[in-house]
Amino acid sequence: MTTLSIIADPNLDYPQESGFSPSERFPEYRYAEIACQPNLVYGAVRSCFAQAGLDEAHFGSPTWNPLGEFIQPGQRVFVLCNFVFHRRLNESAAQFKAKCTQGAMLRALVDYLLIAVGSAGKICFGNAPVQSCQWESVLEETGAQQVLDFYQAVGARVTAQDLRLYVAERTPFGSIRKLEQRQDDNAVSIDLGEQSLLTQISQSATTRFRLSDYDPRRTEAFHANGSHVYVLNQQVLAADVIVSLPKLKTHEKVGITCALKGCVGAIAHKDCLAHHRFGPPTTGGDEYPSDRFYIKRAASKVHDWVQQTPANGVQGNSLRVIDRLLRSGLRRLSPTTAGAWWGNDTAWRMALDIARILRYADAKGVLQPAPVRPHLVLIDGVIGGEGTGPLKPTPVKSGIVLFSDEPVLADAVSAQLMGFAPEKIPLLQATLTLQNYPLTCGDWDKVMCSYNGQAQEVGALTPPSNRGYQPPPGWCGYIERA
């Protein structure tokens with residue numbers, strides 16, 4: 001039986017106090033520090049677990065262990081956050097909060113994870129953000145660093161991990177000012193071969209998979225001759241349990257980005273990711289629609305050429321600045337570039353490939369016939385993001401906290417709470433027909449959930465206050481609910 005619990009409170013907001021301790025001494029709370037200012041987020045996470053009926057017999061006592069149903073003492077847990085990019089110079093605080101997982105949600109979750117794993121267990125949180133993300137900055141700006149400092153002060157076994165093995169820190173103009181290639185000791189290569197969902201669209205020898213800002217030759221090499229190789233960070237695969245802590249947010253390539261698309265954060269070498277195929281559908285691609293075909297094709301060819309030049313040279317950097325300006329101008333002319341539209345038939349397949357790896361691959365990257373580890377989800381929708389997600393969403397004060405033990409169900413419900421139809425989003429609809437390494441037990445419409453203390457059928461859920469999210473520009477008119 002699946003677990004699904006939702007708290008929706010329009011007054012919910014992130015606390016400002018560092019450390020993000022609860023403002024009430026709950027019976028199960030184990031630390032001395034109590035916040036002076038109200039911390040409604042901590043209480044909402046606690047209520048979300050409680051109304052799901054987790055460890056119901058011990059609720060209200062010091063021994064309450066809501067996540068003990070899924071996590072055993074001594075286990076290792078990896079919390080997969082959404083630290084996509086640090087705060088830009090012209091980005092407001094609300095815009096940033098709509099983009100990245102916030103420390104208040106992280107602190108509440110990890111407190112209950114520590115209860116479950118006990119003194120012998122370990123918690124690690126992090127992800128692989130965009131290659132040019134400044135890791136230290138995003139930790140500080142989200143409040144994750146304050147959370148980490150709190151646990152270090154009390155001696156809890158909690159660490160943070162940047163999963164990227166290639167980091168290219170850029171200036172706002174697009175040139176590279178710092179390049180770091182890390183050791184591959186933590187890299188695990190997994191070839192899905194014919195089991196990859198990309199197989200269905202890569203039969204032609206002319207199929208050219210692409211990922212912006214990376215050398216296209218490497219991306220093509222990962223997906224050639226019947227192979228579909230993904231390079232994950234071993235830190236994630238070594239975990240006994242994975243907990244996704246994503247934002248409630250739109251995504252220009254797949255519609256929404258919650259738990260399933262967030263699995264991409266486990267990747268060590270991001271150039272193995274297939275985000276789109278070169279060209280329009282008329283030539284076997286899905287990079288953009290056929291309108292303004294020649295302009296977009298020329299810009300795409302220039303981008304491919306630039307990405308093949310040395311990344312740390314004067315010439316390469318000059319070309320990258322010019323390329324950034326060209327692509328920025330093209331996006332103003334037409335937002336449906338680089339796979340940012342409803343016709344992208346590649347990115348959702350790649351995301352589901354990685355979601356299945358996280359569910360079925362052991363620590364060495366070998367796929368097993370049955371699920372290897374639980375994959376739990378706690379969605380941060382206190383402030384969500386609409387429009388041009390994942391990097392530049394417009395903030396929406398939704399006041400939503402959602403917990404589930406099934407990522408597909410969590411994402412389907414999230415789509416409905418955003419005002420979208422799950423069956424119109426390929427990322428979700430395709431999970432219902434997966435034969436090998438399935439991710440869901442079946443249709444979600446008739447599943448019952450706990451919503452603000454009441455039992456409710458998932459199919460009847462609507463956006464709080466009847467306020468649906470604005471889809472990404474390339475998805476308008478295609479995923480909204482009637």
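The values are calculated or read from the model by the stated rules, or taken from the named source; none is laboratory data. The structure displayed is predicted, hence computed values, not measured ones. Cβ coordinates were reconstructed from backbone atoms using ideal geometry, including for glycine residues, and neighbour counts include every protein chain displayed. Just so you know, the surface numbers come from the protein's heavy atoms only, side chains and all, with ligands and any DNA or RNA stripped out. Shrake-Rupley method; radii C 1.70, N 1.55, O 1.52, S 1.80 Å.
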Counting only residues in segment 195-223 that are among the basic types (Lys, Arg) and outside any helix (DSSP H, G or I), the one most open to solvent (accessible area, probe 1.4 Å) is identified as 208
When every residue in segment 1-50 that is charged (D, E, K, R) and either open to solvent by less than 20 Å² (accessible area, probe 1.4 Å) or touching a Cys at 6+ places or on another chain (Cβ under 9 Å) (or both) is compared, the one farthest from residue 69 (Cα to Cα) is 17
Those residues of segment 4-24 which are of a type outside the set (Phe, Trp, Tyr), in contact (Cβ under 8 Å) with a residue 40 or more places away in the chain and part of a loop (DSSP other than H, G, I, E, B) amount to 9, 10, 11, 12, 13, 15, 18, 19, 21, 22
- Task: Kindly establish whether residue 318 is surrounded by fewer than 20 Cβ atoms within 10 Å (Cβ to Cβ) and in contact with a Ser or Thr (Cβ under 6 Å, 6 or more places away or on another chain).
- Result: no
* Asked: Does residue 394 fit the bill of being without any contact (Cβ under 8 Å) to a residue 60 or more places away in the chain, surrounded by fewer than 17 Cβ atoms within 10 Å (Cβ to Cβ) and of a type in the set (Val, Ile, Thr)?
  -> no
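Hey, among the residues in segment 139-173 that are hydroxyl-bearing (Ser, Thr, Tyr) and closer than 16 Å to residue 78 by Cα, which one's surrounded by the most Cβ atoms within 10 Å (Cβ to Cβ)?
The selected residue is 151.
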Of (1) touching a residue at least 60 places away in the same chain (Cβ under 8 Å); (2) closer than 22 Å to residue 26 by Cα; (3) in contact with a strand residue (DSSP E or B) (Cβ under 9 Å, 6 or more places away or on another chain), residue 75 fails just (2)
- prompt: Got at least one residue in segment 94-108 being without any contact (Cβ under 8 Å) to a residue 40 or more places away in the chain and open to solvent by 10 Å² or more (accessible area, probe 1.4 Å)?
  reply: no
Flagged in segment 7-64 as of a type in the set (Gly, Ala, Ser) and in contact with a Leu (Cβ under 7 Å, 6 or more places away or on another chain), in numbering order, are 44
The one condition residue 74 fails out of (1) surrounded by fewer than 18 Cβ atoms within 10 Å (Cβ to Cβ); (2) farther than 21 Å from residue 235 by Cβ; (3) modelled with pLDDT of 95 or more is (2)
Matching residues in segment 326-379 (assigned to a helix (DSSP H, G or I) and at pLDDT 95 or above) number 14
Note on segment 415-466: residues small (Gly, Ala, Ser) and within 22 Å of the chain's Cα centre (by Cα) are 415, 419, 421, 430
Wholly inside segment 390-457, strands (runs of 3 or more DSSP E) that include 1 or more residues that are touching a Phe, Trp or Tyr at 6+ places or on another chain (Cβ under 9 Å) and either under 30 Å from residue 90 (Cα atoms) or of a type in the set (A, V, I, L, M, F, W, C) (or both) are 394-404
Wholly inside segment 231-315, helices (runs of 4 or more DSSP H) that include 3 or more residues that are among the aliphatic types (A, V, I, L, M), modelled with pLDDT under 95 and over 22 Å from residue 124 (Cβ atoms) are 293-307
Q.
Whether any residue in segment 245-267 is more than 23 Å from residue 83 (Cα to Cα), of a type in the set (Asp, Glu), in contact with a helix residue (DSSP H, G or I) (Cβ under 8 Å, 6 or more places away or on another chain) and open to solvent by 10 Å² or more (accessible area, probe 1.4 Å) is what I want to check.
A. no
